[in-house]
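To start, the structure under review is shown below, and the notes come after it.
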Amino acid sequence: MGYENLIVEERDAVAKITVNRPDKLNALNVRTREEILAAFKDLTGNPRIRVVVVTGAGDKAFIAGADISEFTGGTALQQREIMQRSRAFDAMEDCPKPVIAMINGFALGGGCELAMACDIRIASAKAKFGQPEVKLGLIPGGGGTQRLSRLIGEGKAMELILTGDMIDAEEALRLGLVNQVVPPEELESRTMALANRIADLSPVALAMAKKSVKNAARKDLTCGLEAESDLFALCFASEDKEEGVRAFLEKRKPVFRGR
């Protein structure tokens, strides 16, 4: 499909989604959220794509937050109805394919929440992060209160959410909010290198691994371990498992088919 606010590119087995509203610092309006939801639905069903990279257009912002102009005049009931619909961030988190955030600038509010819905976060050294919603008389509404505490712990999450303060990329790395910080000029090459390295692996195993890791935040330990055992066993039904084991024993690179 055609997109108004996204650019979706296929680069071999990696899809790159760029939020393309640089004049608005890539702020997320309703249309953009709907397009992200549609793009992930399409990419989930695309057998050619094994990894998805998400970024923002321009050199200033990854995503600077929600489009605040859409917040005026709405009632609580109207907003509640909007938030009960399928949500873009949840679609990203639930996508069976690994999703990498390539964070090139400001990741604030909804932008920070979108990054946290990804599986891996690679940040430019000039990136900035924050959940400034309290400064508007609001709270994070795209999963920020939940995902941030799981990533960096309740105490630091409370501090960032209750103050609305912004942190730099190095502090985000220290806290565990991002996986890597790289020079701005190396951001795309380093992110795509990682994406391609992951894309060489078994899509079946990647989906099972992602699901099992996500269970750690959603289940208690006993249930999580049981689910992990089930997913591990399920891998034995795949052709990729046979190919991976055979290639290891034959000392060659495996060729995974996603079956």
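Take the conditions polar (S, T, N, Q), within 20 Å of Pro96 (Cβ to Cβ), at pLDDT 85 or above and under 18 Å from the mean Cα position of the chain (by Cα) and apply them to Ser212. Does it pass? If you could, list the steps in order and put the result at the bottom.
Details: polar (S, T, N, Q): yes; within 20 Å of Pro96 (Cβ to Cβ): yes; at pLDDT 85 or above: yes; under 18 Å from the mean Cα position of the chain (by Cα): yes.
For Ser212, the condition - polar (S, T, N, Q), within 20 Å of Pro96 (Cβ to Cβ), at pLDDT 85 or above and under 18 Å from the mean Cα position of the chain (by Cα) - is met.
Specify the residue that is surrounded by the most Cβ atoms within 10 Å (Cβ to Cβ); the eligible residues are those in the stretch 154-170 that are among the small types (Gly, Ala, Ser) and more than 19 Å from the chain's Cα centre (by Cα). First the steps, then the outcome.
Applying the first criterion (among the small types (Gly, Ala, Ser)) to the stretch 154-170 yields 155, 157, 164, 169.
Next, only the ones that are more than 19 Å from the chain's Cα centre (by Cα) stay: 155, 164.
Working: Gly155: 8, Gly164: 15.
Checked the stretch 154-170; the qualifying residue surrounded by the most Cβ atoms within 10 Å (Cβ to Cβ) is Gly164.
Of the residues in the stretch 238-259, how many are in contact with a helix residue (DSSP H, G or I) (Cβ under 9 Å, 6 or more places away or on another chain) and either on the phi > 0 side of the Ramachandran plot or small (Gly, Ala, Ser) (or both)?
3
For residues that are among the aliphatic types (A, V, I, L, M), buried (at least 24 other Cβ atoms within 10 Å of the Cβ) and not in a helix (DSSP H, G or I), tally how many sit in the stretch 109-143.
Here the count works out to 3.
Examine the stretch 32-44 for a residue that is surrounded by fewer than 23 Cβ atoms within 10 Å (Cβ to Cβ), assigned by TED's automatic domain parsing to the domain that holds Pro140, touching a Ser or Thr at 6+ places or on another chain (Cβ under 7 Å) and farther than 26 Å from Pro184 by Cα, and state whether such a residue exists.
The answer is yes; a qualifying residue exists.
Tell me, please, whether a residue that is among the β-branched types (Val, Ile, Thr) and surrounded by fewer than 17 Cβ atoms within 10 Å (Cβ to Cβ) can be found in the stretch 196-204. It would help to see each step written out before you state the result.
The first filter runs over the stretch 196-204 and keeps only residues among the β-branched types (Val, Ile, Thr), leaving 198, 204.
Those still in the list that are surrounded by fewer than 17 Cβ atoms within 10 Å (Cβ to Cβ) too: none.
The answer is no, given that none of the residues of the stretch 196-204 is among the β-branched types (Val, Ile, Thr) and surrounded by fewer than 17 Cβ atoms within 10 Å (Cβ to Cβ).
Can you say whether Ile49 is assigned to a loop (DSSP other than H, G, I, E, B), surrounded by 13 or more Cβ atoms within 10 Å (Cβ to Cβ), at pLDDT 80 or above and under 19 Å from the mean Cα position of the chain (by Cα), as far as the supplied structure shows?
Details: assigned to a loop (DSSP other than H, G, I, E, B): yes; surrounded by 13 or more Cβ atoms within 10 Å (Cβ to Cβ): yes; at pLDDT 80 or above: yes; under 19 Å from the mean Cα position of the chain (by Cα): yes.
So Ile49 fits the description; yes.
Please state which one of Lys251, Lys219 is of a type in the set (Lys, Arg) and farther than 19 Å from Ala117 by Cα.
Details: Lys219 fails: farther than 19 Å from Ala117 by Cα.
Exactly one of Lys251, Lys219 is of a type in the set (Lys, Arg) and farther than 19 Å from Ala117 by Cα, namely Lys251.
For a quick check of your reading of the model, give me the residue pairs whose first member lies in the stretch 213-224 and is outside the structural domain of Arg147 (by TED's automatic domain parsing) and part of a helix (DSSP H, G or I), whose second is at pLDDT 75 or above and charged (D, E, K, R), with beta-carbon atoms closer than 6 Å and at least 6 apart or on different chains.
Listed pairs, sorted by first residue: Ala217/Arg150.
The values are calculated or read from the model by the stated rules, or taken from the named source; none is laboratory data. Computed from a predicted structure; not experimentally measured. As a convention, Cβ positions derive from the backbone with ideal geometry for all residues, glycine included, and neighbour counts pool all protein chains shown.
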